[in-house]
Amino acid sequence: MWGKEFMAKDIEKILITEEEAAKRIKELGEQISRDYAGQEIVVICVLRGASIFFADLCRAISVHMKMDFMAISSYGDAQKTSGIVKITKDADTSITGKHVLVVEDIMDSGYTLKYLCKILNDRQPASVKVACLLDKPSRREVDITPDYCCFTVPNEFVVGFGLDYKGLYRNLPYIGVLKPEVYAN
Ligand code: PRP
């Protein structure tokens, strides 16, 4: 526990507790299970931020699924406006004719998911939908909305539950706001 207490000193406030996240993810899983009732889906985790949410969400979904993983890296800001991201690890599962659910930790500007959905749609799946743990609509720069979303958050620096700052804080069990002095230096 000392590790989490150590990290907690960098957290200004808790936005979403462990219990609130668990409850909402369970609800979302039930909704997704109803929507895809009787169908098989391919659930794709976008590494690395979505990993914690993905693990919980998959266990809350009761239809048959195959799990797969993709990793992407954003280019610098200049290229970001072009909406292009680089795939560093592709999914191994063929998605042609399949129902695909992309799982992300956060939708911010929307560039990443817009591009990812385009790439996946080019593979002729039956459908592509997006499930996000968090949505930050105030930061949106492209026209995209998650099909499923657990929480809408304000424009603050959120970490925990998979979300990081410089690769750290992902293992905090809740979603918190990072103290500005941590990232100001
Ligand atoms: C984060 C997040 C999304 C993307 C959202 O990834 O996981 O992939 O940014 O931002 P956007 O809507 O503005 O495109 P990040 O590059 O931090 O990688 P990570 O998942 O490994 O933390």
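The values are calculated or read from the model by the stated rules, or taken from the named source; none is laboratory data. From a predicted model like this one, the values you see are computed outputs, not experimental measurements. Cβ coordinates were reconstructed from backbone atoms using ideal geometry, including for glycine residues, and neighbour counts include every protein chain displayed. SASA here: full protein model, heavy atoms, side chains in, ligands and nucleic acids out. Shrake-Rupley method; radii C 1.70, N 1.55, O 1.52, S 1.80 Å.
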The chain - accessible surface per residue (Å², probe 1.4 Å): 52 Å²
Largest to smallest accessible area among E5, E20, E156 [probe 1.4 Å]: E5, E20, E156
The chain - percent of accessible surface contributed by carbon and sulfur, probe 1.4 Å: 51 percent
Scoring region 25-161 by relative contact order with C-alpha pairs under 8 Å, at least six apart, yields a percentage of 23 percent
Does the chain come out rounded, prolate or oblate by the C-alpha gyration tensor, with a ≥ b ≥ c the root eigenvalues, rounded set by a/c under 1.5 and, if not, prolate when a/b is larger than b/c and oblate if not? oblate
Within the set of other residues whose C-beta is less than 14 Å from the C-beta of V100, count the net charge using Lys and Arg as +1 and Asp and Glu as -1. -3
The answer for chymotrypsin sites (Phe, Trp or Tyr not before Pro) in region 114-162 that fall in a DSSP coil and have at most 15 neighbouring Cβ atoms within 10 Å is F157
